[in-house]
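The values are calculated or read from the model by the stated rules, or taken from the named source; none is laboratory data. Just so it is clear, the model here is predicted, and its values are computed rather than measured. Neighbour counts run over all protein chains shown; Cβ positions are idealised from the backbone, glycine included.
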Amino acid sequence: MTAVLARSASPSSAWTAAWCAALAELECGVDEAEELIRVGHAMGPEGPAWLPPSDLGQLPASLRDRAQALVARQLRVAQSLTEAAEQSRRHLRVLERLRAAPESTPVYLDAAG
């Protein structure tokens with residue numbers, strides 16, 4: 001996500017409020033993803049697909065740090081999800097090998113006799 005900064009020194013409060021609401025919605029999504037990763041759940045409840053607001057215009061300069069922090073959190077969550085997916089694939093490969101292995105017949109050796 002690339003934030004475009006506004007050049008205006010004093011953005012309108014409605015414009016800033018709209019951006020705050022959009023960032024808050026994204027932050028909630030990241031909060032949910034972080035919690036799912038923390039407790040080890042693969043998926044949370046499926047909600048409606050997120051659609052970016054089309055009428056916000058440029059990001060107010062006053063929200064730049066918040067937006068950058070959000071992007072950093074999103075990238076950390078994406079990395080954690082990538083690692084979790086790779087670990088799941090490794091576990092599945094091990095399980096497939098165990099299922100594919102022929103059942104062995106127990107062999108007893110009389111070492112004392």
Exercise. Which pairs have Cβ atoms under 9 Å, sit 6 or more apart or on different chains, and link a residue in the stretch 43-71 that is within 23 Å of residue 82 (Cα to Cα) to one that is aromatic (Phe, Trp, Tyr) and modelled with pLDDT of 80 or more?
Worked result: 67/19
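Conditions tested, residue by residue: (1) assigned to a helix (DSSP H, G or I); (2) at pLDDT 85 or above.
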position	(1), (2)
21	yes, yes
27	yes, yes
46	no, no
57	no, yes
68	yes, yes
Exercise. Hey, does the stretch 89-112 have a residue that's touching a residue at least 40 places away in the same chain (Cβ under 8 Å) and assigned to a helix (DSSP H, G or I)?
Worked result: no
